[in-house]
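A short write-up of the structure that comes next.
The values are calculated or read from the model by the stated rules, or taken from the named source; none is laboratory data. From a predicted model like this one, the values you see are computed outputs, not experimental measurements. All Cβ positions, glycine included, derive from the backbone under ideal geometry; neighbour counts span all protein chains shown.
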Amino acid sequence: MNTTRNWILLTVFTILSFLAVKWLAAYQERKNTITEPSVNIDISEIKARGTLRVIGVTGPTTFLPHGAEGARGLQYELLRKFAENLQVTLIIEQAPNAESVVRALKSGDADIGITGLSSDDPRLAKVQISEPYLEVKQQLIERVEKEANPLTEARIAVSKNSAEAIELAIDNPQADLIEMRNATPEKLLQKVNSGDVDFAVMNDAEFAAHRAAFPELKVSSGLNTTQLAWAVRPKDKSLLRLANRFLRDVNEDGTLKRLTAFYGQGNTFNTLGVKNFQRDMQDRLPLYKSKFQQQANKQEMDWRLLAAIGYQESKWDSTAISPTGVSGLMMLTKGTAKEMGVTNRDNPSQSIEGGAAYYKIIAEKLPTTVHEPDRTWMTLAAYNMGYAHVLKARKISQTHGDDPDKWLDVSRHLRQLPRAGQALVYVQEVRRYYDALLLTTSQDSWVASADKQRWVVQ
């Protein structure tokens, strides 16, 4: 009897255990379906929708806010061109971190993600990775005045769960790795600057862009070379194929090289340039900052852009005189000064007022079909070499089948005109000073200067 009862109990227990296992498996499958949905949107659906949805983290290798009008940067330009090729509207949304980008891609809320992370970063393991758009070198950053400890004994700040963190842990197991969650370049550099750590790890493009804000830091040594790429929705092979073909094409035709050169930092902020800029930020800018703000507000422009023009023109020196006899803080010619109602070019207030008004007049001359940031770059070129030259370059662009409303196309043909080389350098340098002012006058980062978090690109 006991044997029979035990057999019955064992049978019942086995059946219940089997059902429990099946229920748990079903529950887990349902849970996975809810938290990690399988999304497979074909390129045909993107075209039918009429929009390419991009989500990204702002930074020097991705994109930066450009006032209320939109964004700018290497990735902004590439994605804008890619959307044009697909004949859809580009929508860009800011994300707080790379994890948010990955979640949006997995859920199907975005088509392409831009993170600034290395293509082999573990955080990108569950999305597809395109062919690279930029090669960067990971570097150790340290303080200028201090001899840092050997890596085996050093405190190293690095982004949590990054490929660099994994590599350092393997190569330098005795080092004290300080892994920071959602670590922006600013936060990493602040750790080094304050003396909390000996080193920080970031790529060369990020450090070059932030160097103006951290003059006391330098490159200690290089680590590995990595590649940056687009993150694409899981399983969407059609979009990935088109993205890869596009990136190969812009690499082969020189577009990528030109964009990288324009949005790079070059030699603007070498050791001497950083020291001079920081000195002038402290000693000269406070003398004119309120005037820059007042006149920029009057002309509906960012005061930091106006200040960047002034720095490129005179290094904020109201007594400056060019070899051609142009003088004053904004370097107005006699003809331009007279046109703007400036009676004394050496008067800083008059010079800034005249420069702001002149910039506005040029910007308003451009057709409404020229959108930002192209409008800014063309206006800057005209400020330097005259509107007639920019107009001529636009006509040449159109003659050659290029887009006269895009600075990248216009700048190619501008080289055919006198003084073009000077004007191209001028635009690039003003952009770099503008970026530096945005970074050094914002509370934390470039993100703090953004007027909105979503852009519909014209």
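Output the residues belonging to region 295-304 that are in a helix (DSSP H, G or I) and surrounded by fewer than 16 Cβ atoms within 10 Å (Cβ to Cβ). Matches in region 295-304: N297, K298. The criterion of at least 3 residues that are of a type in the set (A, V, I, L, M, F, W, C) is met by the following helices (runs of 4 or more DSSP H) wholly inside region 305-401: 348-365, 374-385, 387-399.
Selection within region 421-458: residues that are modelled with pLDDT under 85 and assigned to a helix (DSSP H, G or I). The member of this set that is surrounded by the most Cβ atoms within 10 Å (Cβ to Cβ) is L439. Pairing each residue of region 403-420 that is more than 14 Å from F262 (Cα to Cα) with any residue that is crowded, with 17+ Cβ neighbours inside 10 Å and of a type in the set (D, E), provided the two are 6+ apart or on different chains, yields C-beta distances under 6 Å for D403/D409. In the set L287, L332, only one residue is out of contact with any Asp or Glu (no Cβ under 6 Å at 6 or more places or on another chain) and over 29 Å from R72 (Cα atoms); that residue is L287. Taking region 60-70 as the range and being closer than 19 Å to E372 by Cβ and not aromatic (F, W, Y) as the test, the residues that pass are P60, T62, L64, P65, H66, G67, A68, E69, G70.
Of the helices (runs of 4 or more DSSP H) lying entirely inside region 205-285, those containing at least 3 residues that are within 17 Å of T61 (Cβ to Cβ) and hydroxyl-bearing (S, T, Y) span 255-263. The residue that is modelled with the lowest pLDDT, among those in region 30-58 that are surrounded by 13 or more Cβ atoms within 10 Å (Cβ to Cβ), touching a strand residue (DSSP E or B) at 6+ places or on another chain (Cβ under 9 Å) and over 18 Å from P234 (Cα atoms), is T58. Is there a residue in region 181-188 that is buried (at least 22 other Cβ atoms within 10 Å of the Cβ), in a loop (DSSP other than H, G, I, E, B) and either out of contact with any strand residue (DSSP E or B) (no Cβ under 7 Å at 6 or more places or on another chain) or modelled with pLDDT of 90 or more (or both)? Scanning region 181-188, I find at least one residue that is buried (at least 22 other Cβ atoms within 10 Å of the Cβ), in a loop (DSSP other than H, G, I, E, B) and either out of contact with any strand residue (DSSP E or B) (no Cβ under 7 Å at 6 or more places or on another chain) or modelled with pLDDT of 90 or more (or both), so the answer is yes.
Would you mind stating whether Q294 is of a type outside the set (G, A, S) and under 26 Å from the mean Cα position of the chain (by Cα)? Spelling it out, it is not the case that Q294 is of a type outside the set (G, A, S) and under 26 Å from the mean Cα position of the chain (by Cα). Taken as a whole, the condition of being closer than 30 Å to G273 by Cα and either modelled with pLDDT under 90 or within 24 Å of the chain's Cα centre (by Cα) (or both) applies to L140. Here A98 passes the criteria (1) under 19 Å from P60 (Cβ atoms); (2) buried (at least 20 other Cβ atoms within 10 Å of the Cβ); (3) touching a Lys or Arg at 6+ places or on another chain (Cβ under 9 Å); (4) in contact (Cβ under 8 Å) with a residue 60 or more places away in the chain except the one numbered (4).
Where the second residue is outside any helix (DSSP H, G or I) and aromatic (F, W, Y) and the first is assigned by TED's automatic domain parsing to the domain that holds L408 and farther than 11 Å from K81 by Cα and lies in region 242-259, which pairs have Cβ atoms under 6 Å and are six or more apart or on separate chains? Note: no pairs meet the criteria.
Based on what the data block shows, is Q138 of a type outside the set (G, A, S), in contact with a Leu (Cβ under 6 Å, 6 or more places away or on another chain) and surrounded by 14 or more Cβ atoms within 10 Å (Cβ to Cβ)? Break it down into steps so the answer makes sense when it comes.
Details: of a type outside the set (G, A, S): yes; in contact with a Leu (Cβ under 6 Å, 6 or more places away or on another chain): yes; surrounded by 14 or more Cβ atoms within 10 Å (Cβ to Cβ): yes.
The answer is yes for Q138.
Here's the yes/no breakdown for (1) under 20 Å from V430 (Cβ atoms); (2) modelled with pLDDT under 95:
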| position | (1), (2) |
| --- | --- |
| Q312 | yes, no |
| V326 | yes, yes |
| T333 | yes, yes |
| T336 | yes, yes |
| D346 | no, yes |
| I352 | yes, no |
| R394 | yes, no |
| S411 | yes, yes |
